[in-house]
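The values are calculated or read from the model by the stated rules, or taken from the named source; none is laboratory data. All values reported here derive from a predicted model rather than from experimental measurement. When the accessible area is computed, the model is the full protein with side chains, heavy atoms only, and any ligands, DNA or RNA have been set aside. Shrake-Rupley method; radii C 1.70, N 1.55, O 1.52, S 1.80 Å.
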Amino acid sequence: MIREKFFGNWGYAATRQFDASGTNGAVELTKRHPTFSLTKQGAITGNLRVNLSWRMRTSDFDDRGSSLASSLRHPLRKFTPDVVQAQGQAMVNVDLDLACMYELQDGAKGVVQPLGNILGSINAPPYIQLSGDDRFGSGSGETIYINMDHRDQFKRLLIFVYIYDGTPAFDRTHAMVTLYPGNGPRLEVSLHERAPEARSCAVVLIENIKGEILVRREMKYVYGFQSELDRLYGWGLQWGRGYKSKV
């Protein structure tokens with residue numbers, strides 16, 4: 001687990017295309033169409049909300065139906081031993097956290113995250129604030145607010161999710177990161193890819209590229225925590241071990 005001390009560089013350009021195949025008119029960022037221009041959409045004022053929603057599920061109830069359907073389609077598979085699930089029929093025990101590493105134009109760097117209660121500020125640097133810590137997968141989830149009225153001060157923002165505690169099971173938590181701009185459609189990114197041992201995932205990168213604010217789907221899973229994502233993106237922060245208080 002990780003805590004941290006703040007305060008350095010980088011950036012890359014992205015294509016400007018998107019796939020409007022999300023639910024209810026939302027834009028789903030995909031491998032094929034990973035980027036979206038908030039500037040071209042006119043969504044560069046007010047607060048940009050970034051929400052992580054997730055819920056735990058049991059391998060027993062959620063997998064039983066698919067297993068039955070599979071056995072009907074492939075009858076010979078019933079003679080193949082099942083893969084043993086470590087959790088058996090128990091509820092997956094996992095605590096997902098939403099966080100944001102930021103780099104401002106003046107060189108200031110840091111992180112906003114539940115761990116260490118580093119919640120940020122919406123009206124003062126870094127102009128990013130976390131709503132709080134959802135440990136149980138409630139309906140509202142966790143939300144990061146980004147003050148786009150100060151967009152000129154942003155250089156890059158990395159939205160990421162990590163498993164603070166419990167089973168590394170991104171593919172079994174029904175997790176979704178949704179961005180709600182001040183104008184235009186919401187942007188959806190599902191964390192459904194199979195990465196059984198991963199404990200962290202870089203979800204989207206928001207960059208200020210020559211005055212244009214671009215959102216890019218990343219979906220890069222790593223097997224460590226914040227420090228490993230830091231190395232992957234060259235943030236240059238100093239990390240130390242951290243813990244949450246008992247509930």
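With 24 Å as the limit, the listed pairs Lys109/Lys210; Lys155/Lys220; Lys40/Lys109 have Lys40/Lys109 beyond it between alpha carbons. Rounded to the nearest whole Hz, the Karplus-based 3J(HN,Hα) values (6.51 cos²θ - 1.76 cosθ + 1.60, θ = phi - 60°) of segment 26-31 follow the sequence 6, 9, 9, 7, 10, 4, with x at glycine and proline. Per-residue 3J(HN,Hα) values for segment 225-238, derived from phi via the Karplus relation 6.51 cos²θ - 1.76 cosθ + 1.60 with θ = phi - 60°, read 10, 4, 5, 6, 5, 4, 5, 4, 9, x, 7, x, 8, 9 Hz in sequence order (x marks Gly and Pro).
Exposure check, 1.4 Å probe, all protein chains in place: Met219 carries approximately 20 Å² of accessible surface.
Scanning residues 5 or more positions from Leu29 or on other chains, those with amide H under 5 Å from its amide H are Glu188, with H placed 1.01 Å from N in the peptide plane.
Remark on Arg199: its backbone amide H falls under 5 Å from those of Val222, Tyr223, Gly224, a criterion applied only to residues 5 or more positions apart or on other chains, H modelled at 1.01 Å from N.
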